[in-house]
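K.L.:
The structure's right below; bear with me while I get my questions together.
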Amino acid sequence: MIDPDLPAVHAFWIGGPLGPMQVGCLKSFVRHGHRTVLHAYDDPGDAPPGVELAEATKILPRERVIVHRNGSYSLFGNIFRYKLLTTGAEIYVDCDMYCVRPLPRRPYMFGWESETRINNAVLSLPVDSPILHDLAEMVDHPDRFPEWYSWSKRLRFGAQRAFGRLKGFENLPHASLGPPLLTYLVRKHGLLDQASAQDVFYSNIEGQGTLLDPTLSLADLIRPDTLAIHLWRGSLRKLSFADVPPTSPLGEILAM
């Protein structure tokens, strides 16, 4: 049942069925009372009960979709989340975020994934905030280099662009519009005090190894201040879910 006192969470998906892990993650937000909205260009076919499907074209037209040179949509996912937040969406969450406690309503929500980098897998920013303006404006200009790029990086990629080997965002390193950009802008706008500690969202720093360990339980990944756990879907791309140990943290998630 939706708790009206909790903020709505919004996710984005592109590219076929969600799969068991993403289904389990979206169910976790529903289970904790969040209105959970999944934005997609096509119905994935396996959205869990309680998840609302929203037409992604209301945020960005299908023509804006780009596939990175590595074949993934991750870079476009960064573009989509920033534009989504400009429409007033309360909280964006990646489809591989597993909720363990209800998320509070805060104007700013993002967290450290390491001692040096802030991740954007959970993100809330005020519509009228300068940082969201910078993010949304940046992703509308594929002819520019991300603001966090060093001069040496700009020179290197500038030379590639001059020779026609680099055209848009899809030819840049795939994280160019993700955590490095957010971290840079959080510092630029003096918002470091708004960043949550690593354990709040990113206690699972080891990714696949921890999730598949049959000697660990989901409770082993939850700290006193943990609200959700990032499962690092990229580290599980080649995983056969039939091989997931049922007693492992991921096995518990899939069984719920």
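K.L.:
Quickly run through segment 58-108 and pick out the residues that are farther than 11 Å from residue 10 by Cα, under 15 Å from the mean Cα position of the chain (by Cα) and acidic (Asp, Glu).
P.N.:
Of everything in segment 58-108, just one residue is farther than 11 Å from residue 10 by Cα, under 15 Å from the mean Cα position of the chain (by Cα) and acidic (Asp, Glu), namely 96.
K.L.:
From 51, 67, which residue is modelled with pLDDT of 95 or more and either in contact with a helix residue (DSSP H, G or I) (Cβ under 7 Å, 6 or more places away or on another chain) or over 30 Å from residue 240 (Cβ atoms) (or both)? Give the steps one after another, and end with the answer.
P.N.:
Numbers: 67 fails: modelled with pLDDT of 95 or more.
The unique qualifying residue is 51.
Residue-by-condition table, conditions (1) of a type in the set (A, V, I, L, M); (2) touching a Pro at 6+ places or on another chain (Cβ under 7 Å); (3) within 26 Å of residue 129 (Cα to Cα):
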position: 175; (1), (2), (3): yes, no, yes
position: 200; (1), (2), (3): yes, no, yes
position: 236; (1), (2), (3): yes, no, no
position: 240; (1), (2), (3): no, no, no
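K.L.:
What number of residues within segment 152-199 are touching a His at 6+ places or on another chain (Cβ under 9 Å) and either modelled with pLDDT of 95 or more or exposed (fewer than 13 other Cβ atoms within 10 Å of the Cβ) (or both)?
P.N.:
The total comes to 0.
K.L.:
Considering only residues of segment 86-120 that are assigned to a strand (DSSP E or B) and β-branched (Val, Ile, Thr), which is nearest to residue 192 (Cα to Cα)? Working first, answer last.
P.N.:
Within segment 86-120, the first condition is being assigned to a strand (DSSP E or B), and the residues that meet it are 91-93, 97-99, 109-112, 118-120.
Pick out the ones that are also β-branched (Val, Ile, Thr) and you get 91, 93, 118.
Numbers: 91: 18, 93: 20, 118: 9 Å.
Among them, the one singled out is 118.
K.L.:
Please find, among 177, 182, the residue that is within 26 Å of residue 234 (Cβ to Cβ), of a type outside the set (D, E, K, R) and touching a strand residue (DSSP E or B) at 6+ places or on another chain (Cβ under 7 Å). If you could, list the steps in order and put the result at the bottom.
P.N.:
Working: 177 fails: touching a strand residue (DSSP E or B) at 6+ places or on another chain (Cβ under 7 Å).
Testing whether each residue is within 26 Å of residue 234 (Cβ to Cβ), of a type outside the set (D, E, K, R) and touching a strand residue (DSSP E or B) at 6+ places or on another chain (Cβ under 7 Å) leaves just 182.
K.L.:
Moving on. Give the residue, chosen from 216, 239, 211, 227, that is closer than 17 Å to residue 26 by Cα, in contact (Cβ under 8 Å) with a residue 24 or more places away in the chain and among the hydrophobic types (A, V, I, L, M, F, W, C).
P.N.:
Numbers: 216 fails: closer than 17 Å to residue 26 by Cα; 239 fails: closer than 17 Å to residue 26 by Cα; 211 fails: closer than 17 Å to residue 26 by Cα.
Within the list 216, 239, 211, 227, the selection yields 227.
K.L.:
Still on this structure: Within segment 186-193, is there a residue that is part of a loop (DSSP other than H, G, I, E, B), in contact with a Leu (Cβ under 8 Å, 6 or more places away or on another chain) and within 21 Å of residue 94 (Cα to Cα)?
P.N.:
No: zero hits.
K.L.:
Still on this structure: What residue, among those in segment 41-57 that are surrounded by fewer than 18 Cβ atoms within 10 Å (Cβ to Cβ) and small (Gly, Ala, Ser), is nearest to residue 92 (Cα to Cα)?
P.N.:
Looking at the filtered set, the residue picked out is 54.
K.L.:
While we're on this one: So residue 235 clears everything in (1) surrounded by 13 or more Cβ atoms within 10 Å (Cβ to Cβ); (2) among the small types (Gly, Ala, Ser); (3) in a loop (DSSP other than H, G, I, E, B) except one condition, right? Which one?
P.N.:
All conditions pass for residue 235, except number (3).
The values are calculated or read from the model by the stated rules, or taken from the named source; none is laboratory data. Worth saying up front: this structure is predicted, and the values here are computed from it rather than measured. Here Cβ is always computed from backbone atoms with ideal geometry, including for glycine, and neighbour counts include all displayed protein chains.
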